[in-house]
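> Before I ask anything, let me first share the structure, which is written out below as structure tokens.
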Amino acid sequence: MTTVKTITEVRKILKEVRSKGKTVGFVPTMGALHEGHLALARESKKNCDYTVMSIFVNPIQFGPNEDFNRYPRDIKRDETLAAGAGVDLIFNPEVPEIIGDNLLTFVDINKLQDNLCGAKRPGHFRGVCTIVSKLFNIIAPDMAFFGKKDIQQLYIIKKMTKDLNFAINIVPCDIVRDNDGLALSSRNVYLSHEERSDALVLSRSLKLAVDLIENGERRAGVIIGAIENNIKKVKTAVIDYVKIVNENMEDADTAADGNITAIAVFFGKTRLIDNFIIGEKICF
Ligand code: AMP
């Protein structure tokens, strides 16, 4: 496995790879790798001849009061984990290599960012779409792998890929959880021991919603109310949102199959998200 830091190097290596007729899989990440990221890399390895992972903490997807500066970074550890998961090339650029000193062009998506995290984190998806577009142009993969953990991001990237005619197959991958149900996230390292145990209310509340739905409850308001009440039992938890939305990220009245139950909750300063797609098999 090789790590490179410049666009020129990535392009040179991938030109060579493609000249041999190999397909390229791409896994974009911000590093601080965990099993969720590695599952994406393994899926790429299974489906493509050559796997590229980007490790780039994207400054323009963070709000001014968010955690860009303290976001965990450990490239040596990431390299070991990525190599173990079958990654062939890590692209780990410095900020100026990607942003330059005068970025004037942005990719913005209408409607799909108006709810959920997009509504709570203004500019977040503009930052994501801009940088993912740049990475798509630099790497030009055949397939790109995204986690359902960031469900709104996944739907936005799918739509952006279609709208901008990127010839890339976007592959959704299931959420990877710890044994106790907490969805893996690079931000879990911020949690104190107590917050880590309080955060289990996320998956517990989603499980409660799954049970309600399986027992025939389809009214979105009732399910949302049950989730909120359950979260409020945990004193340190502060709800950012609890929503049921359709594929266009609009609030839905019913918990119909294909709709998404999505939650965002603060534990101390740490904001965690979780979700499930209604009707899909859930493992937690
Ligand atoms: P991040 O490094 O947090 O930007 O995430 C990079 C990619 O990994 C995104 O496609 C995420 O959705 C995905 N990802 C993060 N956590 C998980 C998880 N627990 N399970 C599956 N995919 C994940």
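The values are calculated or read from the model by the stated rules, or taken from the named source; none is laboratory data. Treat the numbers as computed from the prediction; the structure is a model and nothing was measured. When we count neighbours, we look across all protein chains shown, and the Cβ atoms used for this are built from the backbone with ideal geometry, even at glycine. We work out accessible area using only protein heavy atoms, side chains counted, and drop any ligands, DNA or RNA first. Shrake-Rupley method; radii C 1.70, N 1.55, O 1.52, S 1.80 Å.
> Can you figure out the FRET efficiency of D174 with E66, using R₀ = 35 Å and their beta-carbon distance, to the nearest 0.05?
Calculated transfer efficiency: 0.85.
> Let me ask another. Taking the Cα centre of segment 79-232 as origin, sum charge times position over the Cβ atoms of Lys and Arg (+1) and Asp and Glu (-1), and report the length of that vector in debye to the nearest 20.
600 debye
> On to the next question. Under 19 Å from a point placed 7 Å out from the Cα of C283 along the Cα-to-Cβ direction: which residues of segment 145-188 have their backbone N that close?
145-151, 171-186
> Round to a whole number: what % of the accessible area of the chain belongs to carbon and sulfur, probe 1.4 Å?
49 percent
> Using 0.36 nm times the number of residues separating E94 and N137, minus their current alpha carbon distance, what extension gain do you get?
Full-extension gain reported as 13.8 nm.
> When only C-alpha pairs under 8 Å and at least 6 residues apart count, what is the relative contact order of the chain, in percent?
In percent, rounded to a whole number, it is 17.
> Answer with one residue from L104, Y50, I273: the one whose Cα lies farthest towards the positive end of the charge dipole of the chain, charges on Cβ with Lys, Arg +1 and Asp, Glu -1.
Y50
> Now a separate question. Under 17 Å from the Cα of K281, which lysines turn up, not counting those fewer than eight places away in the same chain?
Correct list for K281: K148, K149, K207.
> Quick check for segment 1-70: number of Lys pairs with alpha-carbon distance under 15 Å, counting only pairs 8 or more apart or on different chains?
For segment 1-70, the number of qualifying lysine pairs is 4.
> Expressed as a whole number of Å, what is the distance separating the alpha-carbon centroids of segment 243-257 and segment 14-73?
Answer, in whole Å: 29.
> Please tell me the relative contact order of segment 1-116 in percent, rounded to the nearest whole number, where contacts are Cα pairs under 8 Å and at least six residues apart.
36 percent
> At 37 °C and a viscosity of 0.692 mPa s, what translational diffusion coefficient does Stokes-Einstein give for segment 163-284, taking Rh as the Kirkwood radius over Cα pairs? Give it in µm²/s as a whole number.
216 µm²/s
> Same structure, new question: Among 268-281, 164-177, 32-45, 98-111, how do they line up by average Cβ neighbours within 10 Å per residue, starting with the highest?
32-45, 268-281, 164-177, 98-111
> While we're here: Rounded to the nearest whole Å³, what is the per residue volume of the convex hull around the Cα atoms of the chain?
Convex hull of Cα atoms, per residue: 128 Å³.
> Hey, what number do you get for the chain at 222 nm if only DSSP H runs of n ≥ 4 count, each worth -39500 (n - 2.57), divided across all residues, to the nearest 500?
Rounded to the nearest 500, it is -11500 deg cm²/dmol.
> Nearest 5 is fine: what % of DSSP beta bridges in the chain come out antiparallel, could you say?
Approximately 50 percent, going by the DSSP bridge assignments.
> Any chance you could look up the accessible area of M1 with a 1.4 Å probe, heavy atoms only, rounded to 10 Å²?
Roll a 1.4 Å probe over it and M1 shows about 100 Å².
> Find which of M160, V238, V210 sits farthest along the positive direction of the dipole of segment 155-240, computed with +1 on the beta-carbon of Lys and Arg, -1 on that of Asp and Glu, about the Cα centre.
Of the options given, the answer is M160.
> State to the nearest 20 debye the size of the charge dipole of the chain about its Cα centre, where the only charges are +1 on K and R beta carbons and -1 on D and E beta carbons.
380 debye
> Using just the alpha carbons, could you tell me how many Å³ per residue the convex hull of segment 16-67 encloses?
84 Å³
> Starting from the alpha-carbon convex hull of segment 179-240, give the projected area averaged over all orientations, in nm².
4.8 nm²
> Now a separate question. Rounded to the nearest 20 debye, what is the charge dipole size of segment 48-95 about its Cα centre when +1 sits on each Lys and Arg Cβ and -1 on each Asp and Glu Cβ?
Its charge dipole is roughly 160 debye.
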